[in-house]
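In what follows, a single structure is set out as C-alpha cells and then discussed.
The values are calculated or read from the model by the stated rules, or taken from the named source; none is laboratory data. On a predicted model such as this, the values are computed, not experimentally measured, just so you know. Don't worry about glycine lacking a Cβ; one is built from the backbone with ideal geometry, like all the others, and counts go over all protein chains shown.
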C-alpha cells in the first residue's frame, strides 16, 4: 500500500484531480514509464480520505455527471513527503524475468538456448531504439521527471543487452 499511497498522493500533489483523471495518469504515464499499475484507485482513495490525507468534493462540469475531485490536505502533503523521502532510501533488488530463465537454461539444448537469447537480445534492441526515439521527443524533454525515468530504464536495458552479448560470446558447457 505504501507504493500505491505514494503514487496517489504524488499525483494529487501536482493538482486536485477526479478519480478517472488519476487512473488515466497512472495508466498513460506511470505504467508506461515506471512499470506501475493500480488495479483499483477508488478504494485506496477512500482509505486515504478516512486517514485525513485528502478531501473529496463533488464537482460538475457542463452536462457531464457529477464526479468527485480529490485534493491533498496539509497532512497529506506531509505524508507524501515522508513517503517520497523514505522511498528514495529503500533499495529493492530489481527482478528480471531473465533471471529465472537463466537458472534453468541448462535444460534447453544449447542451440535452442542461444537462439532464444539472440531473440531476446533482438527484442531488447528494438525496445531500446524505441525508448531512445521517445527520449528525443519535445514533449518528453519538457518533462524532467519522465526523462529521468526513461534514462534509468534505458540504462537497465543496455546493461541487459551487454550481459546477453557477453553470455552469447562465452563458451558453453
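Conditions (1) surrounded by 13 or more Cβ atoms within 10 Å (Cβ to Cβ); (2) closer than 19 Å to residue 163 by Cα; (3) within 19 Å of the chain's Cα centre (by Cα); (4) not assigned by TED's automatic domain parsing to the domain that holds residue 9, marked per residue:
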| residue | (1), (2), (3), (4) |
| --- | --- |
| 76 | yes, no, no, no |
| 79 | yes, no, no, no |
| 109 | no, no, no, yes |
| 113 | yes, yes, no, yes |
| 117 | yes, yes, no, yes |
| 120 | yes, yes, no, yes |
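The C-beta contact set for region 11-31 (first residue closer than 22 Å to residue 148 by Cα and assigned by TED's automatic domain parsing to the domain that holds residue 60, second residue modelled with pLDDT of 90 or more and surrounded by fewer than 16 Cβ atoms within 10 Å (Cβ to Cβ), distance under 7 angstrom, 6+ apart or interchain) comprises 12/71; 13/77.
Quick check on my filter: what residues within region 87-100 are surrounded by 10 or more Cβ atoms within 10 Å (Cβ to Cβ) and free of Cβ contacts under 8 Å to residues at least 12 places away in the same chain? Break it down stepwise before answering.
Of the residues in region 87-100, the ones surrounded by 10 or more Cβ atoms within 10 Å (Cβ to Cβ) are 87, 96, 98-100.
Scanning region 87-100 gives 99, 100.
Give the residue, chosen from 140, 150, 146, 168, that is at pLDDT 90 or above and either in a helix (DSSP H, G or I) or not assigned by TED's automatic domain parsing to the domain that holds residue 27 (or both). Only one candidate qualifies: 168.
Condition check: assigned to a helix (DSSP H, G or I), touching a strand residue (DSSP E or B) at 6+ places or on another chain (Cβ under 6 Å), surrounded by 10 or more Cβ atoms within 10 Å (Cβ to Cβ) and touching a residue at least 40 places away in the same chain (Cβ under 8 Å). Does residue 48 satisfy that? Before you say what the answer is, go through the steps one by one.
Values: assigned to a helix (DSSP H, G or I): yes; touching a strand residue (DSSP E or B) at 6+ places or on another chain (Cβ under 6 Å): yes; surrounded by 10 or more Cβ atoms within 10 Å (Cβ to Cβ): yes; touching a residue at least 40 places away in the same chain (Cβ under 8 Å): yes.
Answer is yes for this residue.
Return a yes/no flag: does region 18-35 have any residue that is touching a strand residue (DSSP E or B) at 6+ places or on another chain (Cβ under 6 Å) and either part of a helix (DSSP H, G or I) or at pLDDT 85 or above (or both). Yes.
Table: residues versus (1) in contact with a helix residue (DSSP H, G or I) (Cβ under 8 Å, 6 or more places away or on another chain); (2) assigned to a helix (DSSP H, G or I).
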| residue | (1), (2) |
| --- | --- |
| 56 | yes, no |
| 62 | no, no |
| 68 | yes, no |
| 81 | no, yes |
| 84 | yes, yes |
| 93 | no, no |
| 104 | no, yes |
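Condition test on residue 129, is it under 20 Å from residue 157 (Cα atoms), assigned to a helix (DSSP H, G or I) and out of contact with any helix residue (DSSP H, G or I) (no Cβ under 8 Å at 6 or more places or on another chain)?
Taking the combined requirement at face value, the residue satisfies it.
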